[in-house]
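A short worksheet on the structure shown next.
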Amino acid sequence: MAGVVEQRSIDVVPDDERHGSAVSQFTLWLGANLQITAVITGALAVVFGANAFWSLIGLLLGNLLGGAVMALHSAQGPRLGLPQMITSRAQFGVRGAVVPLALVIVMYIGFFASGSVLAGQAVGELTHLGETPGIVLFAAVTAVAAAVGYRLIHTLGKIAGLVCALAFVYLGIRLVERADLGALLADHRFGLPVFLLAVSLSASWQLAFGPYVADYSRYLPRHTSARATFWWTLSGSVLGSQWSMTFGALAAAAAPAAFVGHEVGYIVGLGGAGLIASFLYFVIALGKLTINVLNTYGGFMSLVTSVSGFRGQRTLSPRGRSAYIAGIMVAGTAVALLGKDSFLTSFKDFLLFLLTFFTPWSAINLVDYYLISKERYDIPALSDPAGRYGAWNVRALTVYVLGVLAQLPFLATHFYTGPLVAPLGGADISWLVGLAVPAVLYWLAARRDTARTVAPGPHQEEPSPAGSGG
(Lines give C-alpha, C1' and ligand atoms only; values in the text may rest on other atoms or scores of the structure.)
Protein backbone atom coordinates (compact mmCIF):
# COMPACT_ATOMS: atom_id res chain seq x y z
CA MET A 1 0.00 0.00 0.00
CA ALA A 2 2.93 2.31 0.74
CA GLY A 3 3.88 2.14 -2.93
CA VAL A 4 0.42 3.39 -3.92
CA VAL A 5 -0.30 6.00 -1.26
CA GLU A 6 2.04 8.96 -1.62
CA GLN A 7 4.39 9.54 1.32
CA ARG A 8 5.83 12.92 0.30
CA SER A 9 4.25 16.33 0.81
CA ILE A 10 6.28 19.56 0.69
CA ASP A 11 9.68 17.89 1.03
CA VAL A 12 12.11 17.42 -1.87
CA VAL A 13 11.54 14.27 -3.95
CA PRO A 14 14.81 12.29 -3.88
CA ASP A 15 16.31 11.22 -7.17
CA ASP A 16 15.77 7.50 -6.46
CA GLU A 17 11.99 8.15 -6.20
CA ARG A 18 11.75 10.01 -9.50
CA HIS A 19 9.98 8.29 -12.38
CA GLY A 20 8.05 8.80 -15.60
CA SER A 21 8.54 11.02 -18.64
CA ALA A 22 7.41 14.46 -19.74
CA VAL A 23 4.64 12.88 -21.86
CA SER A 24 2.77 12.25 -18.60
CA GLN A 25 2.13 15.99 -18.41
CA PHE A 26 0.23 15.85 -21.70
CA THR A 27 -2.14 13.09 -20.57
CA LEU A 28 -2.73 14.68 -17.16
CA TRP A 29 -3.55 18.15 -18.46
CA LEU A 30 -5.57 16.87 -21.40
CA GLY A 31 -7.75 14.90 -18.99
CA ALA A 32 -7.96 17.77 -16.53
CA ASN A 33 -9.28 20.16 -19.20
CA LEU A 34 -11.72 17.92 -21.07
CA GLN A 35 -14.48 18.63 -18.58
CA ILE A 36 -17.63 20.59 -18.05
CA THR A 37 -16.24 23.61 -16.19
CA ALA A 38 -14.04 24.36 -19.19
CA VAL A 39 -17.17 24.00 -21.34
CA ILE A 40 -18.89 26.60 -19.14
CA THR A 41 -15.90 28.93 -19.44
CA GLY A 42 -16.10 28.83 -23.23
CA ALA A 43 -19.85 29.39 -23.12
CA LEU A 44 -19.41 32.50 -20.97
CA ALA A 45 -17.72 34.33 -23.84
CA VAL A 46 -20.91 33.95 -25.91
CA VAL A 47 -23.29 34.46 -22.98
CA PHE A 48 -21.71 37.84 -22.24
CA GLY A 49 -21.93 39.14 -25.80
CA ALA A 50 -19.29 37.83 -28.19
CA ASN A 51 -20.28 36.01 -31.38
CA ALA A 52 -19.12 32.44 -31.85
CA PHE A 53 -16.47 33.27 -34.47
CA TRP A 54 -14.52 35.79 -32.42
CA SER A 55 -15.17 33.88 -29.19
CA LEU A 56 -13.25 30.89 -30.54
CA ILE A 57 -10.33 33.04 -31.67
CA GLY A 58 -10.23 34.95 -28.38
CA LEU A 59 -10.42 31.75 -26.35
CA LEU A 60 -7.56 30.21 -28.35
CA LEU A 61 -5.38 33.29 -27.91
CA GLY A 62 -6.01 33.34 -24.16
CA ASN A 63 -5.32 29.63 -23.84
CA LEU A 64 -2.02 29.98 -25.68
CA LEU A 65 -0.85 33.02 -23.71
CA GLY A 66 -1.98 31.79 -20.31
CA GLY A 67 -0.90 28.24 -21.11
CA ALA A 68 2.64 29.38 -21.93
CA VAL A 69 2.94 31.04 -18.51
CA MET A 70 1.49 27.96 -16.81
CA ALA A 71 3.86 25.61 -18.67
CA LEU A 72 6.88 27.69 -17.64
CA HIS A 73 5.90 26.94 -14.04
CA SER A 74 5.58 23.22 -14.89
CA ALA A 75 9.16 23.14 -16.14
CA GLN A 76 10.37 24.00 -12.62
CA GLY A 77 9.14 20.67 -11.21
CA PRO A 78 11.80 18.22 -12.46
CA ARG A 79 14.63 20.65 -11.73
CA LEU A 80 13.68 21.34 -8.10
CA GLY A 81 11.61 18.32 -7.05
CA LEU A 82 9.41 20.62 -4.99
CA PRO A 83 5.73 21.61 -4.98
CA GLN A 84 5.08 24.86 -6.84
CA MET A 85 4.19 27.20 -3.99
CA ILE A 86 7.09 26.21 -1.73
CA THR A 87 9.35 27.93 -4.27
CA SER A 88 7.48 31.19 -3.62
CA ARG A 89 9.50 31.39 -0.40
CA ALA A 90 12.52 32.25 -2.54
CA GLN A 91 10.74 35.39 -3.70
CA PHE A 92 8.55 36.42 -0.75
CA GLY A 93 10.41 34.91 2.20
CA VAL A 94 9.76 31.71 4.14
CA ARG A 95 6.84 33.33 5.97
CA GLY A 96 6.04 36.08 3.48
CA ALA A 97 4.94 33.45 0.96
CA VAL A 98 1.80 33.04 3.08
CA VAL A 99 0.39 36.21 1.42
CA PRO A 100 -0.04 34.76 -2.10
CA LEU A 101 -0.63 31.34 -0.55
CA ALA A 102 -3.74 32.54 1.28
CA LEU A 103 -5.24 33.62 -2.05
CA VAL A 104 -4.19 30.34 -3.67
CA ILE A 105 -6.09 28.44 -0.99
CA VAL A 106 -9.18 30.55 -1.71
CA MET A 107 -8.75 29.63 -5.38
CA TYR A 108 -8.63 25.91 -4.66
CA ILE A 109 -11.72 26.06 -2.49
CA GLY A 110 -13.55 28.09 -5.14
CA PHE A 111 -12.68 25.71 -7.96
CA PHE A 112 -13.51 22.73 -5.76
CA ALA A 113 -16.90 24.29 -5.09
CA SER A 114 -17.68 25.19 -8.70
CA GLY A 115 -16.66 21.74 -9.87
CA SER A 116 -18.72 20.08 -7.17
CA VAL A 117 -21.85 21.99 -8.23
CA LEU A 118 -21.63 20.63 -11.78
CA ALA A 119 -20.43 17.16 -10.85
CA GLY A 120 -23.03 16.98 -8.08
CA GLN A 121 -25.77 17.45 -10.65
CA ALA A 122 -24.36 14.55 -12.68
CA VAL A 123 -23.83 12.28 -9.66
CA GLY A 124 -27.31 13.14 -8.37
CA GLU A 125 -28.88 12.13 -11.69
CA LEU A 126 -26.72 9.03 -12.04
CA THR A 127 -27.51 7.77 -8.53
CA HIS A 128 -31.05 9.22 -8.34
CA LEU A 129 -30.11 10.82 -5.01
CA GLY A 130 -30.58 14.44 -6.08
CA GLU A 131 -28.20 17.39 -6.38
CA THR A 132 -27.26 18.05 -2.75
CA PRO A 133 -26.41 14.41 -1.86
CA GLY A 134 -24.64 14.21 -5.22
CA ILE A 135 -22.40 17.14 -4.26
CA VAL A 136 -21.55 15.61 -0.88
CA LEU A 137 -20.85 12.16 -2.34
CA PHE A 138 -18.66 13.60 -5.09
CA ALA A 139 -16.69 15.66 -2.55
CA ALA A 140 -16.02 12.59 -0.41
CA VAL A 141 -14.70 10.55 -3.36
CA THR A 142 -12.51 13.49 -4.36
CA ALA A 143 -10.95 13.67 -0.90
CA VAL A 144 -10.13 9.95 -0.88
CA ALA A 145 -8.45 10.16 -4.29
CA ALA A 146 -6.42 13.21 -3.23
CA ALA A 147 -5.27 11.39 -0.09
CA VAL A 148 -3.87 8.55 -2.22
CA GLY A 149 -1.89 11.16 -4.12
CA TYR A 150 0.41 11.55 -7.09
CA ARG A 151 0.23 8.17 -8.84
CA LEU A 152 -3.56 7.95 -8.71
CA ILE A 153 -3.85 11.55 -9.93
CA HIS A 154 -1.83 10.76 -13.06
CA THR A 155 -3.77 7.53 -13.59
CA LEU A 156 -7.04 9.47 -13.39
CA GLY A 157 -5.69 11.93 -15.95
CA LYS A 158 -4.93 9.16 -18.43
CA ILE A 159 -8.33 7.50 -18.00
CA ALA A 160 -10.25 10.78 -18.12
CA GLY A 161 -8.30 11.95 -21.17
CA LEU A 162 -9.30 8.88 -23.16
CA VAL A 163 -12.89 8.54 -21.95
CA CYS A 164 -13.71 12.25 -22.13
CA ALA A 165 -12.09 12.62 -25.56
CA LEU A 166 -14.36 9.89 -26.94
CA ALA A 167 -17.38 11.52 -25.31
CA PHE A 168 -16.53 14.97 -26.68
CA VAL A 169 -16.11 13.57 -30.20
CA TYR A 170 -19.58 12.05 -29.94
CA LEU A 171 -21.10 15.22 -28.44
CA GLY A 172 -19.47 17.36 -31.11
CA ILE A 173 -21.04 15.23 -33.84
CA ARG A 174 -24.43 15.50 -32.14
CA LEU A 175 -24.09 19.28 -31.81
CA VAL A 176 -23.22 19.70 -35.48
CA GLU A 177 -26.21 17.52 -36.42
CA ARG A 178 -28.52 19.74 -34.39
CA ALA A 179 -27.05 23.17 -35.22
CA ASP A 180 -26.03 24.88 -38.44
CA LEU A 181 -22.29 25.35 -37.87
CA GLY A 182 -21.93 27.65 -40.88
CA ALA A 183 -24.66 29.93 -39.60
CA LEU A 184 -23.14 30.00 -36.10
CA LEU A 185 -19.78 31.15 -37.49
CA ALA A 186 -21.17 33.47 -40.17
CA ASP A 187 -21.32 36.54 -37.91
CA HIS A 188 -17.85 38.14 -38.07
CA ARG A 189 -18.67 41.43 -36.38
CA PHE A 190 -15.80 42.36 -34.07
CA GLY A 191 -16.25 43.92 -30.64
CA LEU A 192 -13.02 44.59 -28.75
CA PRO A 193 -14.43 44.47 -25.19
CA VAL A 194 -16.16 41.11 -25.58
CA PHE A 195 -13.21 39.73 -27.56
CA LEU A 196 -10.86 40.66 -24.73
CA LEU A 197 -13.32 39.12 -22.27
CA ALA A 198 -12.99 35.82 -24.17
CA VAL A 199 -9.19 36.13 -24.06
CA SER A 200 -9.29 36.94 -20.33
CA LEU A 201 -11.60 34.04 -19.51
CA SER A 202 -9.34 31.41 -21.11
CA ALA A 203 -6.12 33.09 -19.96
CA SER A 204 -7.40 33.10 -16.38
CA TRP A 205 -8.34 29.45 -16.74
CA GLN A 206 -4.74 28.59 -17.66
CA LEU A 207 -3.05 30.97 -15.22
CA ALA A 208 -5.06 29.53 -12.34
CA PHE A 209 -3.18 26.23 -12.83
CA GLY A 210 0.13 28.03 -12.28
CA PRO A 211 0.24 27.79 -8.48
CA TYR A 212 0.13 23.98 -8.55
CA VAL A 213 1.28 22.79 -11.97
CA ALA A 214 4.80 21.85 -10.79
CA ASP A 215 3.24 19.64 -8.08
CA TYR A 216 2.55 17.15 -10.88
CA SER A 217 5.93 17.33 -12.62
CA ARG A 218 8.15 17.24 -9.52
CA TYR A 219 8.47 13.43 -9.56
CA LEU A 220 9.94 13.44 -13.07
CA PRO A 221 13.67 12.55 -13.21
CA ARG A 222 15.88 15.58 -12.73
CA HIS A 223 17.45 15.15 -16.16
CA THR A 224 14.03 15.55 -17.83
CA SER A 225 14.27 18.28 -20.45
CA ALA A 226 12.71 21.56 -19.35
CA ARG A 227 11.74 22.16 -22.96
CA ALA A 228 9.95 18.79 -23.17
CA THR A 229 8.13 19.43 -19.89
CA PHE A 230 7.06 22.86 -21.16
CA TRP A 231 5.75 21.66 -24.52
CA TRP A 232 3.96 18.54 -23.28
CA THR A 233 2.26 20.56 -20.52
CA LEU A 234 1.31 23.37 -22.89
CA SER A 235 -0.01 21.09 -25.62
CA GLY A 236 -2.12 18.96 -23.27
CA SER A 237 -3.61 21.91 -21.45
CA VAL A 238 -4.32 24.03 -24.54
CA LEU A 239 -5.74 21.13 -26.57
CA GLY A 240 -8.02 19.98 -23.75
CA SER A 241 -9.23 23.43 -22.76
CA GLN A 242 -9.75 24.74 -26.29
CA TRP A 243 -11.64 21.59 -27.25
CA SER A 244 -13.96 21.95 -24.27
CA MET A 245 -14.36 25.71 -24.62
CA THR A 246 -15.10 25.47 -28.34
CA PHE A 247 -17.90 23.02 -27.59
CA GLY A 248 -19.24 25.33 -24.89
CA ALA A 249 -19.15 28.45 -27.07
CA LEU A 250 -20.92 26.71 -29.96
CA ALA A 251 -23.51 25.13 -27.64
CA ALA A 252 -24.28 28.51 -26.06
CA ALA A 253 -24.53 30.16 -29.49
CA ALA A 254 -26.78 27.41 -30.86
CA ALA A 255 -29.25 27.24 -27.99
CA PRO A 256 -28.63 29.89 -25.33
CA ALA A 257 -31.99 29.46 -23.60
CA ALA A 258 -31.63 25.67 -23.38
CA PHE A 259 -27.96 25.71 -22.38
CA VAL A 260 -27.53 28.58 -19.89
CA GLY A 261 -28.49 27.49 -16.39
CA HIS A 262 -29.05 23.87 -17.49
CA GLU A 263 -25.55 22.98 -18.66
CA VAL A 264 -25.42 19.39 -17.43
CA GLY A 265 -28.94 18.59 -18.59
CA TYR A 266 -28.33 20.15 -22.01
CA ILE A 267 -25.14 18.18 -22.64
CA VAL A 268 -26.70 14.89 -21.58
CA GLY A 269 -29.86 15.62 -23.59
CA LEU A 270 -27.73 16.39 -26.62
CA GLY A 271 -26.20 12.93 -26.39
CA GLY A 272 -29.37 10.94 -25.94
CA ALA A 273 -31.28 8.95 -23.32
CA GLY A 274 -31.01 5.65 -21.48
CA LEU A 275 -27.55 4.10 -21.32
CA ILE A 276 -26.01 6.96 -23.32
CA ALA A 277 -27.35 9.48 -20.83
CA SER A 278 -25.98 7.46 -17.92
CA PHE A 279 -22.60 7.25 -19.66
CA LEU A 280 -22.53 11.02 -20.18
CA TYR A 281 -23.40 11.68 -16.54
CA PHE A 282 -20.50 9.38 -15.67
CA VAL A 283 -18.19 11.26 -18.07
CA ILE A 284 -19.12 14.60 -16.51
CA ALA A 285 -18.44 13.25 -13.03
CA LEU A 286 -15.15 11.62 -14.12
CA GLY A 287 -13.88 14.81 -15.76
CA LYS A 288 -14.71 16.84 -12.69
CA LEU A 289 -13.20 14.22 -10.39
CA THR A 290 -9.85 14.58 -12.17
CA ILE A 291 -9.67 18.36 -11.82
CA ASN A 292 -11.19 18.46 -8.34
CA VAL A 293 -8.58 16.01 -7.10
CA LEU A 294 -5.95 18.43 -8.44
CA ASN A 295 -7.63 21.29 -6.58
CA THR A 296 -7.88 19.32 -3.33
CA TYR A 297 -4.28 18.12 -3.57
CA GLY A 298 -3.07 21.63 -4.41
CA GLY A 299 -5.04 23.11 -1.52
CA PHE A 300 -3.52 20.56 0.85
CA MET A 301 -0.02 21.44 -0.38
CA SER A 302 -0.66 25.16 0.01
CA LEU A 303 -2.04 24.79 3.53
CA VAL A 304 0.95 22.70 4.61
CA THR A 305 3.33 25.21 3.01
CA SER A 306 1.62 28.09 4.85
CA VAL A 307 1.65 26.41 8.25
CA SER A 308 5.14 24.93 7.95
CA GLY A 309 6.61 28.36 7.22
CA PHE A 310 5.80 29.32 10.81
CA ARG A 311 6.30 25.91 12.46
CA GLY A 312 9.51 24.92 10.68
CA GLN A 313 7.87 21.68 9.57
CA ARG A 314 9.41 19.83 6.60
CA THR A 315 7.42 16.59 6.58
CA LEU A 316 3.85 15.56 7.36
CA SER A 317 2.35 12.42 8.90
CA PRO A 318 -0.41 10.46 7.10
CA ARG A 319 -2.86 11.59 9.78
CA GLY A 320 -1.93 15.22 9.27
CA ARG A 321 -2.25 14.80 5.51
CA SER A 322 -5.78 13.42 5.90
CA ALA A 323 -6.75 16.27 8.21
CA TYR A 324 -5.65 18.96 5.74
CA ILE A 325 -7.44 17.25 2.86
CA ALA A 326 -10.62 16.87 4.93
CA GLY A 327 -10.50 20.59 5.71
CA ILE A 328 -10.33 21.51 2.03
CA MET A 329 -13.19 19.12 1.27
CA VAL A 330 -15.47 20.50 4.01
CA ALA A 331 -14.81 24.14 3.05
CA GLY A 332 -15.28 23.51 -0.68
CA THR A 333 -18.46 21.51 -0.15
CA ALA A 334 -19.95 24.23 2.06
CA VAL A 335 -19.27 26.88 -0.60
CA ALA A 336 -20.76 24.61 -3.27
CA LEU A 337 -23.98 24.09 -1.33
CA LEU A 338 -24.33 27.80 -0.56
CA GLY A 339 -23.61 29.01 -4.12
CA LYS A 340 -25.15 26.34 -6.33
CA ASP A 341 -28.19 28.46 -7.28
CA SER A 342 -26.22 31.41 -8.74
CA PHE A 343 -23.42 29.50 -10.39
CA LEU A 344 -22.88 31.06 -13.82
CA THR A 345 -22.47 34.75 -12.93
CA SER A 346 -20.55 33.93 -9.78
CA PHE A 347 -18.12 31.71 -11.65
CA LYS A 348 -17.30 34.33 -14.29
CA ASP A 349 -16.56 36.95 -11.62
CA PHE A 350 -14.59 34.40 -9.63
CA LEU A 351 -12.33 33.65 -12.62
CA LEU A 352 -11.60 37.32 -13.29
CA PHE A 353 -11.10 38.01 -9.58
CA LEU A 354 -8.52 35.22 -9.42
CA LEU A 355 -6.69 36.61 -12.40
CA THR A 356 -6.11 39.89 -10.53
CA PHE A 357 -4.12 38.15 -7.81
CA PHE A 358 -2.34 35.39 -9.72
CA THR A 359 -0.84 37.30 -12.63
CA PRO A 360 1.49 39.30 -10.32
CA TRP A 361 2.50 36.11 -8.51
CA SER A 362 3.24 34.35 -11.83
CA ALA A 363 5.26 37.30 -13.10
CA ILE A 364 7.37 37.51 -9.94
CA ASN A 365 7.92 33.75 -9.69
CA LEU A 366 8.98 33.35 -13.33
CA VAL A 367 11.24 36.41 -13.42
CA ASP A 368 12.94 35.25 -10.24
CA TYR A 369 13.38 31.63 -11.33
CA TYR A 370 14.50 32.17 -14.93
CA LEU A 371 16.17 35.60 -14.88
CA ILE A 372 17.36 36.30 -11.33
CA SER A 373 18.13 32.90 -9.77
CA LYS A 374 18.95 31.21 -13.11
CA GLU A 375 17.02 28.05 -12.13
CA ARG A 376 19.04 27.56 -8.93
CA TYR A 377 17.62 27.73 -5.42
CA ASP A 378 19.19 27.08 -2.02
CA ILE A 379 16.85 24.20 -1.09
CA PRO A 380 17.59 24.07 2.69
CA ALA A 381 17.11 27.86 2.95
CA LEU A 382 13.54 27.51 1.71
CA SER A 383 12.68 26.10 5.15
CA ASP A 384 14.83 28.45 7.24
CA PRO A 385 13.40 31.91 8.12
CA ALA A 386 16.91 32.95 9.21
CA GLY A 387 18.49 31.75 5.97
CA ARG A 388 19.27 33.26 2.59
CA TYR A 389 15.65 34.12 1.72
CA GLY A 390 14.67 35.46 5.14
CA ALA A 391 11.27 35.36 6.80
CA TRP A 392 9.67 38.27 4.92
CA ASN A 393 10.89 39.83 1.66
CA VAL A 394 9.35 43.28 1.91
CA ARG A 395 10.48 44.36 -1.56
CA ALA A 396 8.86 41.38 -3.27
CA LEU A 397 5.66 41.74 -1.25
CA THR A 398 5.55 45.44 -2.13
CA VAL A 399 5.95 44.63 -5.82
CA TYR A 400 3.17 42.05 -5.51
CA VAL A 401 0.79 44.57 -3.93
CA LEU A 402 1.69 47.17 -6.58
CA GLY A 403 1.02 44.55 -9.26
CA VAL A 404 -2.46 43.96 -7.85
CA LEU A 405 -3.21 47.68 -7.48
CA ALA A 406 -1.97 48.46 -11.00
CA GLN A 407 -4.73 46.25 -12.40
CA LEU A 408 -7.65 47.86 -10.58
CA PRO A 409 -8.17 50.77 -13.02
CA PHE A 410 -8.47 48.24 -15.87
CA LEU A 411 -10.57 45.60 -14.10
CA ALA A 412 -14.18 44.88 -15.17
CA THR A 413 -16.26 42.54 -13.01
CA HIS A 414 -19.85 42.40 -11.81
CA PHE A 415 -18.97 43.91 -8.42
CA TYR A 416 -16.25 46.39 -9.48
CA THR A 417 -15.32 48.25 -12.67
CA GLY A 418 -12.19 50.38 -12.88
CA PRO A 419 -12.19 53.99 -14.16
CA LEU A 420 -10.14 53.18 -17.29
CA VAL A 421 -12.49 50.45 -18.52
CA ALA A 422 -14.98 52.85 -20.13
CA PRO A 423 -12.34 54.81 -22.13
CA LEU A 424 -11.17 51.43 -23.49
CA GLY A 425 -14.67 50.63 -24.70
CA GLY A 426 -15.39 48.32 -21.79
CA ALA A 427 -12.37 46.07 -22.45
CA ASP A 428 -10.67 44.36 -19.51
CA ILE A 429 -6.88 44.34 -20.00
CA SER A 430 -6.05 44.07 -16.30
CA TRP A 431 -4.32 40.70 -16.63
CA LEU A 432 -1.84 42.08 -19.17
CA VAL A 433 -1.01 44.92 -16.79
CA GLY A 434 -0.77 42.37 -13.97
CA LEU A 435 1.91 40.44 -15.85
CA ALA A 436 3.95 43.36 -17.19
CA VAL A 437 4.12 45.76 -14.23
CA PRO A 438 5.30 43.36 -11.49
CA ALA A 439 7.68 41.58 -13.91
CA VAL A 440 9.52 44.84 -14.61
CA LEU A 441 9.38 46.11 -11.01
CA TYR A 442 10.60 42.82 -9.55
CA TRP A 443 13.44 42.53 -12.06
CA LEU A 444 14.60 46.07 -11.18
CA ALA A 445 14.33 45.39 -7.44
CA ALA A 446 15.91 41.92 -7.37
CA ARG A 447 18.72 42.03 -9.93
CA ARG A 448 21.08 43.85 -7.54
CA ASP A 449 20.41 41.49 -4.64
CA THR A 450 23.53 39.35 -5.05
CA ALA A 451 22.98 37.73 -1.62
CA ARG A 452 20.12 35.72 -3.14
CA THR A 453 22.08 34.38 -6.10
CA VAL A 454 22.94 30.70 -5.72
CA ALA A 455 26.00 29.29 -7.42
CA PRO A 456 26.18 25.55 -8.17
CA GLY A 457 27.42 23.78 -5.09
CA PRO A 458 26.28 22.00 -1.95
CA HIS A 459 23.19 24.15 -1.48
CA GLN A 460 21.81 23.37 -4.95
CA GLU A 461 20.95 19.72 -5.40
CA GLU A 462 22.55 18.41 -8.60
CA PRO A 463 21.71 15.29 -10.60
CA SER A 464 22.97 12.08 -9.09
CA PRO A 465 23.39 8.58 -10.54
CA ALA A 466 20.18 7.51 -8.79
CA GLY A 467 18.29 10.16 -10.69
CA SER A 468 19.44 9.04 -14.11
CA GLY A 469 17.51 5.80 -14.04
CA GLY A 470 14.07 7.45 -14.02
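A simple spin-label model places the labels of THR417 and LEU402 3.0 nm from each other, with each point 7 Å out along Cα-to-Cβ.
Where in the range 410-436 does the amide nitrogen come within less than 15 Å of the point 7 Å from the Cα of ILE57, taken along Cα to Cβ? Label zone hits: none. For LEU338 and THR127, a Förster radius of 25 Å and the Cβ-Cβ distance give a FRET efficiency of 0.65, rounded to the nearest 0.05.
Could you tell me how far the Cα centroid of the range 170-201 sits from the Cα centroid of the range 57-122, in Å? Answer, in whole Å: 28.
Over the chain, DSSP H runs of length four or greater, each weighted -39,500 (n - 2.57), average out per residue to a 222 nm ellipticity of -22000 deg cm²/dmol. For ARG447, the solvent-accessible surface with a 1.4 Å probe is about 120 Å², rounded to the nearest 10.
Remark: relative contact order (the range 25-451) = 33 percent; criterion is Cα-Cα distance under 8 angstrom and separation of 6 or more residues. Annotation: ASP428 carries an accessible surface of approximately 10 Å², with a 1.4 Å probe and no ligand, DNA or RNA atoms counted.
Span-like helix criteria (full DSSP H runs; alpha carbon extent of at least 27 Å along the helix axis; mean Kyte-Doolittle hydropathy of at least -1.0) are satisfied in the chain by 52-74, 98-127, 150-178, 226-254, 275-311, 318-339, 343-366. Computed over protein heavy atoms with a 1.4 Å probe, the carbon and sulfur contribution to the accessible area of the chain reaches 70%.
Of all stretches in the chain that contain no chymotrypsin sites (Phe, Trp or Tyr not before Pro) in a DSSP loop with at most 13 other Cβ atoms within 10 Å, the longest one is 191-414.
For the chain, the solvent-accessible area works out to 37 Å² per residue, with a probe of 1.4 Å and every protein chain left in place. Computed from label points 7 Å out along Cα-Cβ, the spacing between GLN7 and TYR370 is 3.6 nm.
The values are calculated or read from the model by the stated rules, or taken from the named source; none is laboratory data. On a predicted model such as this, the values are computed, not experimentally measured, just so you know. Note: ideal-geometry Cβ built from the backbone for every residue, glycine included; neighbour counts use all protein chains shown. Just the protein is used for accessible areas: all its heavy atoms, side chains included, with ligands, DNA and RNA removed. Shrake-Rupley method; radii C 1.70, N 1.55, O 1.52, S 1.80 Å.
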